[in-house]
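To start, the structure itself, in structure tokens.
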Amino acid sequence: MTRATELDTELLESKKKMVSGSYLHNAWYVAAWSDDLAEGLLLARTILKEPVVLYRKADGHVAALQDRCPHRFAPLSMGKIVHGDALQCPYHGLEFNAAGACVLNPHGTKNIPPRARVRSYPVTEEAQGDLDLDGRGGARPLEGAGLQRPRQCSGDARHQAGPASASVPTTSSSSTICST
């Protein structure tokens, strides 16, 4: 094998890893547009190859949870919002609060196992209308957690992409929601 062929093979393998490799979890991602998330609506998204469900709580703030019930792995996005802030699984009716903890088991002794929880994701709703999700997940405060809140972008035409941009990562070095 010649040196040029070796370099071509290395380059090809490097590109394959970049395309199919891991994502930066220590970054903010645009999950949806504010207009896409009406009150009472459950919005399913796949972010960082993880199923996520977004919804508005009774106070109007947005919550994001892993879109998978820990009991039988039913998508929570097929359930419904109950009591203003909780999601009810469509399969057996388990209810999860915005922090991801199971708050109601309607069956049997009504005992709630400590592991009956789903991952929660911090979400911010920005002035220009995008909902940004922290890729690290887990309930944590937005500030002082090692990841800065996203900055506002300039708003020029390059940043006015439609919902297809929901899976495009932002640049982590500048903690901005703009990728250009």
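The values are calculated or read from the model by the stated rules, or taken from the named source; none is laboratory data. All figures in this text were calculated on a predicted structure; none of them were measured in a lab. Note that we place each Cβ from the backbone using ideal geometry, even for glycine, and neighbour counts take in every protein chain shown.
Summary table below
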| read-out | value |
| --- | --- |
| Residue within the range 54-62 that is more than 21 Å from D130 (Cβ to Cβ), at pLDDT 90 or above and assigned to a loop (DSSP other than H, G, I, E, B) present | yes |
| Looking only at the range 95-119, and only at residues there that are farther than 23 Å from G60 by Cα and hydrophobic (A, V, I, L, M, F, W, C), the one that is surrounded by the most Cβ atoms within 10 Å (Cβ to Cβ) | A116 |
| Any chance D8 is within 24 Å of Q128 (Cβ to Cβ), in a helix (DSSP H, G or I) and at pLDDT below 95 | no |
| Test for P113: is it at pLDDT 95 or above and farther than 13 Å from Y55 by Cβ | no |
| Search result, residues across the range 63-77 that are crowded, with 21+ Cβ neighbours inside 10 Å and either of a type in the set (K, R) or assigned to a loop (DSSP other than H, G, I, E, B) (or both) | D67, C69 |
| Single condition P51 does not satisfy, out of (1) assigned to a loop (DSSP other than H, G, I, E, B); (2) free of Cβ contacts under 8 Å to residues at least 60 places away in the same chain; (3) surrounded by fewer than 21 Cβ atoms within 10 Å (Cβ to Cβ); (4) under 18 Å from the mean Cα position of the chain (by Cα) | (1) |
| Any hit, the range 73-81, residues being closer than 24 Å to L24 by Cβ, in contact (Cβ under 8 Å) with a residue 12 or more places away in the chain, among the aliphatic types (A, V, I, L, M) and touching a strand residue (DSSP E or B) at 6+ places or on another chain (Cβ under 8 Å) | no |
| Restricting the range 22-48 to residues that are assigned to a strand (DSSP E or B) and aliphatic (A, V, I, L, M), the residue that is surrounded by the most Cβ atoms within 10 Å (Cβ to Cβ) | A31 |
